[in-house]
Amino acid sequence: MNQLPTQPLLQVENLRTYFDTPRGTAQAVDGVSFTLNRGETLAIVGESGCGKSMTALSLLQLVPEPAGYIAGGRVIFDGEDLLDQSWDQMKNVRGKEIGMIFQEPMTSLNPVFTIGNQLIEAMEIHGTAEGGAAHKKAEEALERVGLNAQLMRQYPHELSGGMRQRVMIAQALVNEPKLLIADEPTTALDVTVQAQILRLLEKLQRESGMAILLITHDLGIVSEVADHAAVMYAGHFVEVAPVTELFREPRHPYTRGLFASLPARTRRGQDLETLEGIVPDATSWPSACRFEPRCPFRWDECQRIAPKYQPPGSDRPVRCHLFDPEIPKPPERETQSKQEIAEAKA
């Protein structure tokens with residue numbers, strides 16, 4: 001029996017994507033690293049403005065130019081660095097080796113072409129099928145996502161939001177990619193359609209063995225479909241963990257704040273907890289800990305020293321001084337830190 005390759009399908013190392021703006025350089029993605037294996041799902045979660053979508057666009061060299069540019073890093077996909085590929089070479093990767101579901105299907109689908117034309121074009125461009133074979137495969141792709149093949153003759157504006165989203169999934173998967181990037185795939189959909197699409201993605205992943213990189217702000221979706229989760233804040237990851245461990249024991253204060261704001265974790269009669277403040281502007285991240293201005297556990301060191309991943313290279317790195325034994329803590333903070341960590345593990 002053939003064994004799957006042990007090398008990660010996707011390995012991102014110190015990815016940095018910046019934008020030149022009138023206010024200065026915006027460090028939208030600043031030192032992001034992660035790996036994704038075949039058949040697995042990694043979710044990148046965080047508030048709007050944290051850099052999630054820009055991370056996804058950077059992988060495919062789709063950063064808006066001329067203001068935006070990839071300042072450094074490596075994106076090793078199936079053994080090759082995508083950042084070394086030319087624009088023409090990337091055309092062979094996008095839509096074939098890597099499929100992407102964008103946030104808003106109405107602006108991603110061409111309004112002047114039928115659904116069938118767009119699905120067939122996706123195959124003909126990459127040479128995976130043409131003519132009658134491409135037409136048949138397009139019909140099958142629609143049926144796989146729960147749509148009638150008769151929609152081939154219809155235009156995007158004639159479909160509901162949920163149907164357009166399914167068409168986007170069909171288009172992203174029609175060339176059987178090794179990796180699917182799904183950027184907020186259920187945004188603005190009602191909960192019934194949302195559940196259907198999540199089940200569909202899981203089913204298609206089981207059938208094809210593809211990897212999924214899921215971009216979302218919804219922790220409920222993460223709990224349902226992801227194997228690992230990376231919590232992103234202010235351009236970089238603050239915590240990475242297997243989903244079961246993250247939900248059982250969120251460590252970083254930002255992650256704990258996200259979980260505390262969930263209705264399911266609030267007792268009847270209690271007000272929902274909220275994270276004070278907003279994500280800072282990418283042109284002026286705090287010089288040390290980027291979450292420090294909003295953190296209820298901060299102390300003086302948090303304003304002076306940038307936190308490191310602790311422990312480095314582990315399956316559960318956390319970017320917080322609470323978990324760094326080399327960072328001195330005041331006596332009251334030392335006691336509180338031990339108690340907070342113990343409570344998180346309880």
Here is the link list: Lys91/Lys203; Lys96/Lys137; Lys91/Lys178; Lys178/Lys203; Lys96/Lys178. Which ones come out longer than 19 Å on Cα distance?
Lys91/Lys203
Based on the inverse mean of 1/r over its pairs of different Cα atoms, what is the Kirkwood hydrodynamic radius of segment 97-162, in Å?
12.4 Å
Computed helical MRE - 222 nm, the chain, DSSP H runs ≥ 4 contributing -39500 (n - 2.57), nearest 500
-9500 deg cm²/dmol
For segment 48-91 versus segment 117-174, the gap between their alpha-carbon centres in whole angstrom:
26 Å
Relative contact order for segment 84-236: what is it in percent, counting Cα pairs under 8 Å that are at least 6 residues apart?
28 percent
Which cross-chain or sequence-distant (5 or more) residues have an amide H under 5 Å from the amide H of Thr21, H modelled 1.01 Å from N in plane?
Ala26
Under 18 Å from the Thr35 label point (7 Å along Cα→beta-carbon), backbone N, segment 306-329
309-318
Considering only protein heavy atoms and a 1.4 Å probe, what is the carbon-and-sulfur percentage of the accessible area of segment 191-241?
49 percent
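Run the numbers for Thr25 and Tyr69: contour at 0.36 nm per residue of separation, minus the present Cα-Cα distance, in nm. Mind dumping the intermediate values first?
On the way: separation 44, 0.36 × 44 = 15.84 nm, distance 1.08 nm.
So the chain would gain 14.8 nm between Thr25 and Tyr69.
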Accessible area in square angstrom per residue, the chain, 1.4 angstrom probe
49 Å²
Within straight cross-link reach of Lys308, meaning Cα distance under 20 Å, which aspartates and glutamates are found once same-chain residues fewer than 8 apart are removed?
Glu13, Asp30, Glu239, Glu249, Glu292, Asp300, Asp324, Glu326, Glu334, Glu340
Could you give the radius of gyration (one decimal) and Dmax (whole number) of the Cα atoms in the chain, in Å?
21.5, 74
Ignoring any ligand, DNA or RNA, what whole percent of the accessible area of segment 33-125 comes from carbon and sulfur when the probe is 1.4 angstrom?
49 percent
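The values are calculated or read from the model by the stated rules, or taken from the named source; none is laboratory data. What you are looking at is a predicted structure, and each value in this text was computed from that prediction instead of being measured. Note: ideal-geometry Cβ built from the backbone for every residue, glycine included; neighbour counts use all protein chains shown. Protein only, heavy atoms only, side chains kept; ligands, DNA and RNA dropped before computing areas. Shrake-Rupley method; radii C 1.70, N 1.55, O 1.52, S 1.80 Å.
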